[in-house]
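Below is one structure; the comments refer to it alone.
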Amino acid sequence: MLTTISGQRLSKFCFGTMQFGQGTDRNQSQAIYAQCRHAGINHFDTAHAYTKGLSETWLGEFLKNERDNVFISSKVGYTGGSEPENLSKQLEESLSRLGQDRVDILYLHRFDPDTPLEKTLNWFAEQIEKRRIRYIGVSNFAAWQVTKAQFIGQQFGVHISAAQPMYSLVKRQAEVEIFPACDDFDIECFSYSPLGAGLLTGKYESKGIKGRLAEDARYAKRYGAFEMHASAKALYEISKRYNVSSATLAVAWVLMSPYRTTPIISGRTSEQLSPVLDALDFDMAENLFAEINEISAKPAPATDRLEEQA
Ligand SMILES: NC(=O)c1ccc[n+]([C@@H]2O[C@H](COP(=O)([O-])OP(=O)(O)OC[C@H]3O[C@@H](n4cnc5c(N)ncnc54)[C@H](OP(=O)(O)O)[C@@H]3O)[C@@H](O)[C@H]2O)c1
């Protein structure tokens, strides 16, 4: 079980700070950090690649007086590949921005097909040895890559402790292999974009709405499929019937899923964050969970034998 340095269990939500410094100014970011702490969140996610370093810098400033009670996840290797030299440079920059000598989880941000995992995992093992990181994570890895990393890590006496895949009602691929593999290897999953980057708030039901899907071509493509928008609309209709925010339902659904994955939530403003935090106390009845579960297709099992799917 992963814990803070002071030994506390991690909260049911992790808060992702990818917006700190881009879309969210310093005052608003600090207010959001306080709002999360007030709600009991003790786990914050950032990355070397985020917002030209402001995400790490501000997070480091906000938590500096309570470091041992706050769990910091950061990531390296989004750019420049996973050769040790690049990872070392990025980790040193991340630590310096955070004002820390150690992060809790350090994720490899994405798989690098051009660098042998042996080199990368040897490097991770050295960082544990040097007390620069407490746990090793991998993000955006396929299940076979997680598995390979887990076995190679054994050569260096280290365990992959965490995986960070994408997961929401409209992005369910992780159900097929990543979650079962992580469960089998005792790897904790922290899944990002539980709102489908805003799609599952229902706001795109109206025309001319501002937001990431309207402004960022990468995200517009990631969430462009007609079926995803149809699922978001269906969730929105359910939310109106229950008089609860679509965002609350989307995040509560992840929380209630049988895959034991911690959602990495986010919001650009405190107002956006409120209905997301409401999911912490939302008691979703089983029939409502089942109804929501049906609004997007469950992915086929890895064997493709549909008749054997539960
Ligand atoms: N490992 C990786 O590769 C990776 C990738 C992505 C994210 N992450 C991590 O996961 C965290 C969360 O990801 P995410 O931001 O994509 O999560 P998300 O919860 O799916 O989307 C959050 C976004 O939805 C919109 N939103 C949230 N609440 C809303 C509300 N009540 N009403 C209207 N719009 C609302 C906001 O964007 P707009 O206002 O712009 O619409 C907000 O920034 C990130 O901060 C980061 O730490 C990791």
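What shape does the chain take by its C-alpha gyration tensor, where a ≥ b ≥ c are the square roots of the eigenvalues and a/c under 1.5 counts as rounded, a/b above b/c as prolate, and the rest as oblate? Note, shape of the chain comes out oblate. Placing +1 on the Cβ of every Lys and Arg and -1 on the Cβ of every Asp and Glu, with nothing else charged, gives the chain a dipole about its Cα centre of roughly 820 debye.
The residue among A49, A142, V103 whose Cα reaches farthest toward the positive pole of the charge dipole of region 1-164, with charges on the beta-carbon of Lys, Arg, Asp and Glu, is V103. Over region 1-164, Cα pairs under 8 Å with separation of 6+ residues give a relative contact order of 18 percent.
Residues of the chain: accessible area per residue at 1.4 Å, in Å²?
47 Å²
Placing unit charges on each Cβ (+1 for Lys and Arg, -1 for Asp and Glu) gives the chain a dipole about its Cα centre, and among A162, L235, A297 the Cα reaching farthest toward its positive end belongs to L235. R222 sits among other residues whose Cβ lies under 15 Å from its own Cβ, and their net charge, with Lys and Arg +1 and Asp and Glu -1, is +3.
Multiplying the residue separation of T303 and R9 by 0.36 nm and removing their Cα-Cα distance gives an extension gain of 102.2 nm. State the number of lysine pairs found in region 1-164 whose Cα atoms come within less than 16 Å, restricting to pairs 8 or more positions apart or on distinct chains. Total qualifying Lys-Lys pairs in region 1-164 comes to 6. For the options R102, R67, R222, a Gaussian network treatment of the chain with springs between C-alpha atoms closer than 10 Å singles out R222 as fluctuating the most. Modelled label positions at Q35 and N65, each set 7 Å beyond Cα in the direction of Cβ, lie 2.1 nm from each other.
For region 26-145, the normalised intensity computed at q = 0.12, 0.19 Å⁻¹ comes to -0.43, -0.99 (log10 of I(q)/I(0), Debye sum over alpha carbons, equal scatterers, no solvent).
Hey, any idea what % of region 183-275's accessible area is carbon plus sulfur with a 1.4 Å probe? Answer for region 183-275 is 52 percent, counting heavy atoms of protein chains only. The angle separating the long axis of helix 84-98 from the principal Cα axis of greatest extent in the chain is about 70 degrees.
The values are calculated or read from the model by the stated rules, or taken from the named source; none is laboratory data. Quick caveat: nothing in here was measured; it's all calculated off a predicted structure. All Cβ positions, even for glycine, are placed from backbone atoms using ideal geometry, and neighbour counts span all protein chains on display. The protein model used for the area step is the full one, side chains on, heavy atoms only, and it has no ligands, DNA or RNA in it. Shrake-Rupley method; radii C 1.70, N 1.55, O 1.52, S 1.80 Å.
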